[in-house]
Every structure is written in C-alpha cells, then in structure tokens.
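Note sheet for the following structure.
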Amino acid sequence: MNSILKFFAAGTDAPRIADPAEVDRLYHYHRRKVIFILTLGYGLGYVCRLAFNVVKKPIMDAGIFTPEEVGFIGSMLLYGYAAGKFGNGFLADYANVKRFFAVGILMSALLNFGMSLSTVVGVSALLWALNGWFQGFGAPSSVVALSSWFSSHERGRYYGIWSTAHSIGEGLTYLGIAFLIAVPPKGLGLPWQWGFWTPAAVCVVAAFLLYRYLQDRPQTLGLPSIAEWSKDGSANARPDAHDASRIWKDQLKVLAIPSMWVIALASSTMYITRYAINSWGNVYLQEIRGFDLFDANLFIFLNTAAGILGCVAFGYLSDKMFDARRPPANLIFALLELVPLFIIFYGPTNSVVLAIALVVYGFGLSGILASLGGLFAIDIAPKRVAGAAMGFIGIFSYIGAGTQDYISGKLIYDSEIRVVFSIGENSPTVYFYDYTIPIIFWVGASVISMLLAASLWRVKARDQ
Amino acid sequence: MTNSKMLMSLLCFALAACAPEQAPEFCRNHALFHDEHLDSLASLNVTMTEEGIIRSELSIPRSVMAGVPSVLLEESRNVYLLQTENECAKPSVILIETDNSVTASYESNCGADNKIGQLDILLFETLPSLNEVEVTVTTPVTQKHFAINRQCDRAIFRLD
C-alpha cells in the first residue's frame, strides 16, 4: 500500500535553479508542453468515456442488451464519474498528476477492452462504473496541472484551450468510432466490439503520452512556483495541509446556501437533457428518423462542436451585456436550448433544419452548462468555498445524468415491439421503439431547469 | 524478442482470438446487389396503427410456393402470430391468386389500449422454398425497410 501511495505522491522539490534566464527558458518550454499534452491527452482519453454511446444501437440490434439494460449500464458510468470526479479531486491535489492521470486513462483503456468481452449486464455495468471512476481522474489532474503551471490571471485562457479537449474527444468518437462501425460505404462495417477496442488502443497511447510528457509541479524541476515566477500573488497553486483539513467544513457551509440547492437542481435537470441527447440522441435518429449510424453520430457531433462557441459566448455576453449578472444570460441561453429541442423532436423532418436546430441547441446548452455547472454557483458561493460549490453542483448534475440514462432506457424498452422471423435455429429480430414519452421527459427536464434558474433572477453575486 | 514486441504480439493475438465470427460475405454485401433479384422476391408490408389495427400484406411469387397449397395462407397463424397483452380479434384474410403470384391481406384488430410485444413471422417455416422476403414495417412513429434472407442471422438494412 505504501509503495502505491509513494508511486502516486507528488514529487519532491529539486534544488532551485539559480540562473533566471534558465528558469524562464524551462518555464516557457514546459508550459507549452503541459498545455499541449493535457489537451491532447484529455481529448484522447475522452474517447474511452463515449464509446458505449456509439455502439448502443448495434448492441441493441444484436439482442445483446435491451434498451433498459443499456440505460442501466450507461448510468453506471455517470455515477462512477460523479464519485470519481468528487473523490479524485481531493487526491489529485496531492498526487504526481502525470502518474495519476496516466494510470486513470490506462485503467479506462483496460475497462473498455473488458466491455468488448462482456455480454453479461451485471459485469458490463460494473466495468462501466469503474470506467466512470477512472475517467474521473482526468479533470482534477488537468485542473491541478493548470494551476501548477499557469497563474490565475492567465488560467481562464488556458482553461479554455484545455476545454476544447472535450470536442476533440467527441469528434474522434462520434465521427471516428462511428466510421468504424457504420456499414459501408459510409463506414467500415466492423463488429461493435471494435467500438471498444479502438478507444482502448487510443487510451493506451494517451496514457503513454501523459506519462512520458506531462510534467509534475515546477518545483520538482528546480523551478520556483508559478506564483513566484509570474509574480502573481493570487496564484496559490496548491493547498497546504491546513487548507486540506478545512475542505470538508467548507463544503458543509455550501449546503446552507438555499440558492445553491436551486442551482444544483437546475443543473441536475439540465444534465438530464444534455446526457439524453448525447447518450440516446444518435439511437433516436437511427430508430425514428431513419438515419444510418454514421449520419446520426455526425448530427450529434454538430451539437457538441457548437458547444465550444456557446461556452465562450455565454461568458462574454453575461460579463459585457449584463454586467456579470448570470440570470438574464441564463434565460437567453435556456431559450436557445429549448426552442431547438422542440424543433428537433416536433418540427419539420428536413435534415438541414435538424442540423441547424442541433447546432443552436448545442450552442445554447453549452452556455447554460457553463453557468449552472460552474460560473453561477461560483458567483453565489463564498470565494473560499468555490471548489466545494463546484463539487456539490457536480454531484447533483451527474446523479441527474445517470438517473436519466436508466429512466430513458426503461421508457424506451417499455415501448419495444419485436418482429421475429423464425428460420430454423436463426431468429432474425428487428426492434421497434416509441420515443414519445422519453422525449417529453427530456424536453420537460429542460423546461424545469429554465424555470428553476429563472427563479434566481434577483440573486446577486458575492464579492468574497 | 523485446518486451514491447512480445506485448504487441500478445495484443494482436488476443484481438484476433476474441474477434466475433463475421456474418457470411453474402449477408454483409447483399444490400449492394439486392436490386438484381427484386422480381423473384416475396414481400411483406406490415402496418400498425395507433388504433391497434395490424395490417399485413403478403405477396409471394408462384415459384416460391413450390408445391405448397396456397390455401395454407388463408390461415393467418401460418404466416404470423401476435404476442399481445390482451387478446386480439380474429383476423380477416383476403387471398388473391394470379398466374404469377399469390397475394394475401390480413387485418387484426387488437384495440387501441392493447400492448403489442412481439410479432412472429412464420413464413420461412410455412414455405420451405422461400429464401428471402423484403419487409416494410410501419408503426405509428417509424418505418423500417429491410430484407430477411434464410442464410443470414440478421436483417439486411439499407437496401435503397
């Protein structure tokens, strides 16, 4: 046990380099390397989180799992991720992030490989829950690395660059993995197992890159801390032991803020819609709208790609137009999310209209996600417990997302009609589903989220 | 052999060993040349309405009947069976025979509140010479078009 802890522990400080020019050179060199490898590593590692979404329909078509079972397995990843993100956040603060992150991604690769071998629902659920846990190593490690190498005044920009990793991962998955599985001529028509093997291989590469090129704290190279080097007094990269002992007490204080509970519920219901579209959207587009696997995933990718702009636009709009008041921007972006949802599910069936609606939906959703999932909560929480507020909102959000996956799967499965052709030992089966009730659940969740967020119209940000 | 080479070989071996058996080449590529034998195919159109009515229209080339008396098709249970929550009304059947084909239309009324769980198509058991049927199933919310071939263990989609 001790040797494991020792392996993951943050490195010890090296003797300080005296030459300021050499310090500057090393800092510039490693900062470039850190942001590049963090973005690439997180993006590649993200593929191991999404693979199941792409192969859901082939797995259901093959009769391996019912939609209810698929929903149950999918929900396990989100519960595992919620627990992992929360728990690993504490661990990452004191870990050698390159090892911590790399091992998390490597374990995720192994679990994806395991998923390709399992046709037992309990085993798959366990593997996918563990995958969620290990995927939860990535974000805290990245945030710790960013805090170690970038001052608070430049962290926003670099955080933005790192955030594009989500789109890299989603692009690789929704286009790349879909290409492998989709039938020719749009894809290679490989069996669904390749939808896990390929992410596993990608994540092994990501783990290697992270282990080889990510850098532990600057002090382990004999460099000064980022606060010292950047002369940014507020850039306190890592908490000391005294801070750590107060984290739990600070978190409890967050629970006493009523608005925080409302934001948590608003975020949770918004995550229901977010993950419903990401998890079931491509299945819906194939089952009900008749798109093939590749096109359906391409549509889902459009919404996630538009999300990059949504995040940036929300911050800009709320800061510049509403003097950093989030509620007006919340309402605008919630409507930008909600109106396209109605068009997607109840509007014209034209492909161009669908594509535009998904882009606008992705834009609106990401804006509201940036606010309810973080910005608004941080505004309301005392600044010294901002991290705890994020953790609190995060837990609620992923419980919402996970519960959604199971409920959606169950609702879809309840509507199943099987058409079975008896041919000797073979019984080719074609499945039919009705998404009417799940769609009400998904859209309804967004309506509730918007109303909850709007109920905080008069809530003001704290300055301290 | 270096450790990395050994690891790579092991990984390749594991992937190959675990690879699922591919569907026969014929089934995987069938959609590409499906158009060429449309004239000799049986077809089945099933429509399920919101009111719980299930209409099935079956068209079978004479060559496929091959000694099977067409009167067999007058019994809907030789063609399909419905698994529903509540019992459906006895289906009505209309059989039309021409020189080239036999056409049968079935209509079952299961009621609007009834839950249809499964539709078993028994054509391949009733007609031993039937190799392939092109199927369109329409439910109140979606439509699927595919072929079922005796040699293939999955439906063949993307026929267009």
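Report the far tail of the P(r) of chain B, meaning the percent of Cα-Cα pairs longer than 28 Å.
Values: 4595 of 12720 pairs.
Tail of P(r) above 28 Å: 36 percent of Cα pairs.
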(message) With every protein chain left in place and a probe of 1.4 Å, what is the accessible surface of B:C27, to the nearest 10 Å²?
(response) 20 Å²
(request) Using only the alpha carbons of segment A:42-157, determine the length spanned along each of the three principal axes and report them from longest to shortest in whole angstroms. (result) 52, 24, 19
(request) Could you state the angle between the C-alpha long axis of helix B:3-18 and the longest principal axis of the C-alpha atoms of chain B, as a value from 0 to 90 degrees rounded to the nearest 10? (result) 20 degrees
(request) Would you tell me the mean number of C-beta atoms belonging to other protein chains that fall within 10 Å of each C-beta in A:408-419, as a whole number? (result) 3
(message) Using only DSSP helix segments of four residues or longer, with each worth -39500 (n - 2.57), what per-residue ellipticity at 222 nm results for chain A after dividing by its residue count and rounding to 500?
(response) -25000 deg cm²/dmol
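Expressed as a whole percent, how much of the Cα-Cα distance distribution for segment A:149-196 exceeds 15 Å? Write down the numbers at each step before the final one.
Details: 648 of 1128 pairs.
Counting every Cα pair in segment A:149-196, those more than 15 Å apart make up 57 percent.
Please work out the ratio of the alpha-carbon Rg of segment A:1-102 to 2.2 N^0.38 Å and round it to two decimals.
Values: Rg = 20.3 Å, N = 102, 2.2 N^0.38 = 12.8 Å.
For segment A:1-102, the normalised Cα radius of gyration is 1.59.
Going highest first, how would you order A:116-124, A:10-18, A:131-139 by mean Cβ packing within 10 Å? Kindly include the intermediate steps, with their values, before the conclusion.
Values: A:116-124: 16.1, A:10-18: 12.1, A:131-139: 25.9.
So the order, starting with the most tightly packed, is A:131-139, A:116-124, A:10-18.
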(message) Heavy atoms only, 1.4 Å probe, whole protein assembly: order B:T142, A:T66 by accessible area, highest first.
(response) A:T66, B:T142
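Leaving ligands, DNA and RNA out of it, rank A:W128, A:W194 by accessible area with a 1.4 Å probe, largest first. Don't jump to the answer; show the numbers that get you there.
Working: A:W128 5, A:W194 85 Å².
So the residues, ranked largest to smallest area, are A:W194, A:W128.
Please compute the average number of Cβ atoms from other chains found within 10 Å of each residue's Cβ in peptide B:118-131. Mind dumping the intermediate values first?
Working: counts 6, 7, 7, 8, 4, 3, 6, 4, 1, 0, 0, 0, 1, 0.
Mean inter-chain Cβ contacts per residue within 10 Å come to 3.
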(message) Charges at C-beta only: +1 for Lys and Arg, -1 for Asp and Glu. How large is the resulting dipole of segment B:60-127 about its Cα centre, in Debye rounded to 20?
(response) 80 debye
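How much space per residue, in cubic angstrom, does the convex hull of the C-alpha atoms of chain A take up?
Working: hull volume 70.0 nm³, N = 464.
In chain A, the Cα convex hull volume per residue is 151 Å³.
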(request) Report A:F101's accessible area, 1.4 Å probe, all protein chains in place, as a number in Å² to the nearest 10. (result) 0 Å²
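Ignore the peptide's own chain and count Cβ atoms of other chains within 10 Å of each Cβ in B:151-159; give me the average, rounded.
Numbers: counts 2, 3, 7, 7, 7, 2, 6, 5, 0.
Mean shielding count: 4.
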(message) Using the Kirkwood radius over C-alpha pairs as Rh, can you work out the diffusion coefficient of segment A:384-452 via Stokes-Einstein at 37 °C, viscosity 0.692 mPa s, in µm² per second?
(response) 216 µm²/s
(request) Subtract the Cα-Cα distance of A:K320 and A:L252 from 0.36 nm times their separation in residues, and report this length gain in nm to one decimal. (result) 21.2 nm
(request) Sort B:46-57, A:43-54 for me by packing, meaning the mean count of neighbouring Cβ atoms within 10 Å per residue, highest on top. (result) A:43-54, B:46-57
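With n ≥ 4 as the cut-off for DSSP H runs, can you work out [θ] at 222 nm for chain B, using -39500 (n - 2.57) per run divided by the number of residues, rounded to the nearest 500? Could the numbers behind the result be given before it?
Working: 4 runs with 33 residues, N = 160.
When only DSSP H runs of four or more count, the value is -5500 deg cm²/dmol.
Which value in Å does the Kirkwood hydrodynamic radius of segment B:42-117 take, with 1/r averaged over all unlike C-alpha pairs and then inverted? Numbers along the way, then the final one.
Working: mean 1/r = 0.0762 Å⁻¹.
It works out to 13.1 Å.
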(request) Could you state how much accessible area A:E68 has, in square angstrom rounded to the nearest 10, with a 1.4 Å probe and all protein chains kept in place? (result) 40 Å²
(message) Straight-line reach from A:K98: which aspartates and glutamates fall under 15 Å, measuring Cα to Cα and dropping same-chain residues less than 8 apart?
(response) A:D216
(request) Principal axes first, then extents: for the Cα atoms of segment A:346-464, list largest minus smallest coordinate on each axis, whole Å, largest first. (result) 73, 32, 20
(message) For a bin width of 10 Å, list the pair-distance distribution of segment A:140-222 built from all Cα-Cα distances, rounded to whole %.
(response) 15, 34, 27, 17, 7, 1
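How do the peptides B:144-156, B:32-44 rank, highest first, by the average count of neighbouring beta carbon atoms within 10 Å per residue? Walk me through the intermediate numbers first.
Values: B:144-156: 19.0, B:32-44: 13.5.
Going by the mean number of other Cβ atoms within 10 Å, highest first, we get B:144-156, B:32-44.
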(request) Just tell me, in residue order, which DSSP H segments of chain A are both 18 angstrom or longer along the helix axis (alpha-carbon based) and at least 0.5 in mean Kyte-Doolittle hydropathy. (result) A:67-92, A:97-117, A:121-135, A:194-213, A:293-320, A:326-346, A:351-370, A:386-414, A:436-454
(request) Calculate the radius of gyration of the Cα atoms of segment B:108-160 to one decimal place, then report Dmax, the largest Cα-Cα distance, as a whole number, both in Å. (result) 13.5, 38
(request) Determine the order of A:R31, A:R325 by accessible area, beginning with the largest, at a probe radius of 1.4 Å. (result) A:R325, A:R31
(request) Compute the distance in nm between two label points, each set 7 Å from the Cα along the Cα-to-Cβ direction, one at A:S351 and one at A:K6. (result) 6.1 nm
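The values are calculated or read from the model by the stated rules, or taken from the named source; none is laboratory data. Computed from a predicted model, the values in this text were never measured in an experiment. Counting neighbours? That spans all protein chains shown, and the Cβs are built from the backbone with ideal geometry, glycine included. Ligands, DNA and RNA are stripped out before the accessible areas are found, and what is left, the full protein with its side chains, is counted by its heavy atoms. Shrake-Rupley method; radii C 1.70, N 1.55, O 1.52, S 1.80 Å.
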